[in-house]
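Down below is the structure, laid out as structure tokens.
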Amino acid sequence: MARKIFVNLPVQSLERSVAFFTALGFSFNAHFTDETATCMIVADDIFVMLLTHDKFKQFTPKQLCDTKVATEVLVCLSAESRGEVDALVAKAVQAGGSIYKEPMDFGFMYGHSFQDLDGHQWELMFMEPNSVPQ
């Protein structure tokens with residue numbers, strides 16, 4: 001059986017976060033959605049649980065990270081082209097997110113980044129297929 005990954009992120013407003021990620025082209029699993037949480041589908045085996053702060057606090061005794069001054073996690077997603085990287089960053093900015101650093105171009109690998117509405121940092125990366133070791 002293939003492993004699945006569920007990244008859990010606290011959000012200020014579940015409704016605004018759902019609207020933001022919907023604008024980026026993501027969908028949600030209605031079976032795992034209520035007024036405190038939703039399951040964003042990234043790929044067949046990759047999901048992001050967006051949880052209200054109160055819901056998130058049920059899973060950890062630690063304080064939530066203030067993403068205005070600290071980085072809690074870098075979520076990196078692969079893309080199929082440089083154009084897809086730039087298009088997703090543009091959609092994020094148009095939906096209310098922000099760019100927090102300039103694109104990185106290493107020739108064989110290209111990346112760009114955005115912050116979502118809650119300051120979570122998302123990296124997007126495209127690697128030239130011929131440069132990936134087989």
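The values are calculated or read from the model by the stated rules, or taken from the named source; none is laboratory data. This one's a predicted model, so the numbers in the text were calculated from it and none came from an experiment. Glycine gets a Cβ as well: all are built from the backbone with ideal geometry, and neighbour counts include every protein chain shown. Side chains included, ligands, DNA and RNA excluded: accessible areas come from the protein's heavy atoms. Shrake-Rupley method; radii C 1.70, N 1.55, O 1.52, S 1.80 Å.
A few notes on this one:
- Rg/Rh for region 1-126 stands at 0.96; both radii use Cα atoms, and Rh follows the Kirkwood definition.
- Whole-angstrom gap from region 9-81 to region 115-131, using each part's C-alpha centre: 15
- A 1.4 Å probe run over the chain, with the rest of the protein chains in place, finds 63 Å² accessible per residue.
- For the chain, the dipole from Cβ point charges (+1 on Lys and Arg, -1 on Asp and Glu) about the Cα centre works out to 280 debye, to the nearest 20.
- Figure legend: label point modelled 7 angstrom from the Cα of ALA87 along Cα→Cβ; no residues of region 46-66 have amide N under 18 Å from it.
- Approximate spin-label separation ASN29-GLU80, in nm, with each point projected 7 Å along Cα-to-Cβ: 2.3
- Structural descriptor for region 1-121: relative contact order 24 percent, calculated from alpha carbon pairs under 8 angstrom and at least 6 residues apart.
- Cross-link partners of LYS4 among lysines, defined as those whose alpha carbon lies under 27 angstrom from its own and excluding same-chain residues fewer than eight positions apart: LYS55, LYS57, LYS62, LYS91.
- FRET efficiency for the pair MET109 and ALA43, taken as 1/(1 + (r/R0)^6) with r the Cβ-Cβ distance and R0 = 22 Å, rounds to 0.65.
- Heavy-atom surface analysis with a 1.4 Å probe gives the chain a carbon and sulfur content of 55 percent of its accessible area.
- Placing unit charges on each Cβ (+1 for Lys and Arg, -1 for Asp and Glu) gives region 47-112 a dipole about its Cα centre, and among PHE108, LEU74, THR60 the Cα reaching farthest toward its positive end belongs to THR60.
- Extension gain for MET127 to LYS57 (0.36 nm times residue separation, less C-alpha to C-alpha distance): 21.6 nm.
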